[in-house]
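For reference, the structure discussed in these notes is given below.
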Amino acid sequence: MNFKQLEAFLAFMATGSTIAAAQRLGASQPAVSRLLSQFESDLGLPLFVRRKGRLLPSNEAAALLPDVRNMLLDAESLQRHVGQLRRGGVRRSLLRVLLPGSVAQCVMPSVVEPFLNDHGGVALEMQVGNSEAGEAAVLGREADLALVRSPTQHAGLQTILRLDTDAVCIMPAGHALEALQQVEPGDLIGVDMVLLGRQRALRQQVDQVLRQGRTVPRIRAEAHTMELACRLVACGVGVSIVNGLYARLCHGPEIACRPFVPRIGCSLDVITLASQPRHPLVLELSRRIVDAMSRLAGSEAFVAVEP
């Protein structure tokens, strides 16, 4: 097993074909096929199946993918460190974070500079993704911490901070519902709505509450991210029910926000990997992110607790 085999394997798993993997690596297709065959032979595992002329990954290949990715990341880190030493520089510790888009865009700009100024030997890698991506990134050691929906779906994750908030009803500024102190399911009868995608946990809770309130929503659009739902509401497409914390982060003059009853709780977890010592600055960075969210969203938008 060698570095080129690992690169070929990762490129194949990412692209799904030896031709695309060869293009990514700047190599020939036969060379990539040969490296994959050698990798399979060296490991003594059936990594690929051939079906109708196509090479497909086996379950064993999928299981090994996180390990291969981590080995290549470690190798790249080693190469960067060697380069820094050759230039007489000091190695920087890399802290990797995965956050929802609204938090990354609205919160992190106020966090990054002071954090890095206080910790000159640290570099930040910031990724954007949903809860499923966040859990997968932490489990695969691609992120040191992530902000995800609570409760988490996988064992092996440790919650270091929890943010408790409620769902709210957001509407275009000037909408008739803005005159209400709070919005109930009956208030939404005949109202154009923008709902989250059906696979989202909050959408399922909203559907249940509306059914119990004998309200059939008039859905004009479905959005698969909170950010998109807020933007559609701002454009006047309809009203929506979203996580109160995200609503306040995305809040602007085009959007009005009212409490939604009955209460739908929305909790978020800052997670790390439970099975290994975490980066020494994970907790500090997590608290700085939460503090910045509190300033931007208003402290009434959520309660931060340490489990």
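Tabulated data for the structure shown
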quantity: Average accessible area per residue (Å²) across the chain - probe 1.4 Å, nucleic acids and ligands excluded; calculated: 51 Å²
quantity: Orphan Cys of the chain, criterion: no other Cys C-beta under 4.7 Å; calculated: C106, C169, C235, C257, C266
quantity: Dipole of the chain, positive direction: furthest Cα of C266, V49, M293, with charges on the beta-carbon; calculated: V49
quantity: Principal semi-axes in Å for the chain [√(5λ), Cα gyration tensor, largest first]; calculated: 42, 26, 16
quantity: Sequence-separation-based contact order of segment 1-63, relative, with Cα cut under 8 Å and 6+ spacing, percent; calculated: 28 percent
quantity: Net charge over other residues, Cβ less than 15 angstrom from the Cβ of L35 (K, R count +1; D, E count -1); calculated: 0
quantity: Per-residue [θ]222 nm for the chain (sum of -39500 (n - 2.57) over DSSP H runs n ≥ 4, rounded to 500); calculated: -13500 deg cm²/dmol
quantity: Local electrostatic count at A8 - Lys and Arg +1, Asp and Glu -1, tallied over other residues with Cβ under 13 Å; calculated: 0
quantity: Solvent-accessible area, 1.4 Å probe, carbon plus sulfur percent, for segment 160-307; calculated: 51 percent
quantity: Whole-Hz couplings from phi, Karplus 6.51/-1.76/1.60, listed for segment 150-155; x for Gly and Pro; calculated: 9, x, 5, 9, 10, 6
quantity: Inter-part distance where segment 109-135 and segment 153-191 are each reduced to a Cα centre, Å; calculated: 27 Å
quantity: For segment 205-307, size of Cβ-based charge dipole, Lys and Arg +1, Asp and Glu -1, in debye; calculated: 320 debye
quantity: Segment 106-207: relative contact order in percent, alpha carbon pairs under 8 Å with at least 6 residues between; calculated: 12 percent
quantity: Relative contact order %, the chain, counting alpha carbon pairs below 8 Å whose residues are six or more apart; calculated: 20 percent
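The values are calculated or read from the model by the stated rules, or taken from the named source; none is laboratory data. Predicted model, so just to flag it, every value in this text is computed and none were measured. Here Cβ is always computed from backbone atoms with ideal geometry, including for glycine, and neighbour counts include all displayed protein chains. The area values use the complete protein model at the heavy-atom level, side chains included, leaving out ligands, DNA and RNA. Shrake-Rupley method; radii C 1.70, N 1.55, O 1.52, S 1.80 Å.
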